[in-house]
Amino acid sequence: MILTLAGCQPNSTQEEGSAEKASTGRRATTRTEEKRQEAVLQKDTLNAVQEEVVRKPAPSSQEEFTAFFDRFERTIQQQDAEAFNQMIDPKQGLYIIESPGAVPQFTHLANISTFKKSGSEQGAFFTIRQKFNQCSLKEVKKLPAVTCEGENNNFEQQGCFLSDGTAFQKNEAYKYAGLPKEEQTKVAQTQLLVQKTVLHTSSGYKFHFGQVEGKWRVLFIDLMVPCSA
C-alpha cells in the first residue's frame, strides 16, 4: 500500500519546470507586445503628421519659393544671422547634418549663431559661403546621382538643382546618429514636412525646405560631402 501511494504522488519537479516555462513564455509575450505597441504608436504619430501635411493648402507658386531661396542664399553670403533666423520655424527648429566621423551628426537649433562646424572644417556656419555660391536653380524631377568619378564632388551633372522633397522624407540617416528614440521620432516627423530640396553640386551641400503654417522655412541643411571619405 505504501508503494502504491508513493507512486501516486505528483511529480513536483515536472510541475515546477512547467510553471517556469509558462512564466518565461508570458514574459516573452509581454516584451513582444510592448515592442508591437511601441511600433504602432510611432507609426500613428508619423501618420498624424503626414495627414497634417496633406490637409495643408497647396504649396505656393514656384516663383514664391524661388524668391524665398534667393533671400536664403543672400543671408548666407551677407552673414546675416538675424535674417537667417527668421527663416527657421521657432517650433520646428533647424537640423544641421554633418559627418565628422563614421556616423552622421544631427545638431538641432533655432539660432544659427550658436552653431559651430565639426570635424576638419571647424568654424561658424556662415563659412559655408566660401563653397556655397552662385546657386542658379534648375528644377528637375530627380537630383543628380553621385558618381565619385569626377570633379566638383563627383555628381553626374553639375549645377544647383531643385527637386521635390519626397526622397528626403524617406531618409533614415537619423537612425545611425545615436539619437534617443524621442529625437529620432522628432526628426522623422520634421522630414515629412520637407517639400523642396536644393542640391549645390560644387559644394555637395543639400538644403531642405517646407511650408510651416503657410510660410517657407529651412528645416534641414546637409553639410555631408559625398566622396570625401
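Stretched out straight at 0.36 nm per residue, the stretch from residue 156 to residue 131 would grow longer than its current Cα-Cα span by 7.1 nm. Working ranking of peptides 72-78, 220-226 by packing, defined as the average number of other Cβ atoms within 10 Å per residue, highest first, is 220-226, 72-78.
By its C-alpha gyration tensor, with a ≥ b ≥ c as the square roots of the eigenvalues, how is region 75-174 shaped: rounded for a/c under 1.5, else prolate for a/b larger than b/c, else oblate? Note, shape of region 75-174 comes out rounded.
Taking label positions 7 Å along the Cα-Cβ direction at both residue 172 and residue 79, the computed distance is 4.1 nm, reported to one decimal. Annotation for region 131-171: trypsin sites (Lys or Arg not before Pro) lying in DSSP loop with at most 13 further Cβ atoms inside 10 Å of their Cβ are 141, 142, 170. Measuring with a 1.4 angstrom probe and ignoring ligands and nucleic acids, residue 166 comes out at about 60 Å² accessible.
Given a cut-off of under 8 Å on Cα pairs at least six residues apart, what relative contact order in percent is computed for region 97-229? All intermediate terms of the calculation are to be shown ahead of the outcome.
Values: 214 pairs, mean separation 31.4, N = 133.
Relative contact order of region 97-229: 24 percent.
Loop-located GluC sites (Glu not before Pro) in region 168-219 (DSSP state not H, G, I, E or B) with no more than 16 neighbouring Cβ atoms inside 10 Å: 172, 213.
The values are calculated or read from the model by the stated rules, or taken from the named source; none is laboratory data. If you're wondering where the values come from, they're calculated on a predicted model, not measured in any experiment. Quick reminder, even Gly has a Cβ in these numbers, built from the backbone with ideal geometry, and neighbours come from all protein chains shown. Accessible surface areas use protein heavy atoms only, side chains included; no ligands, DNA or RNA. Shrake-Rupley method; radii C 1.70, N 1.55, O 1.52, S 1.80 Å.
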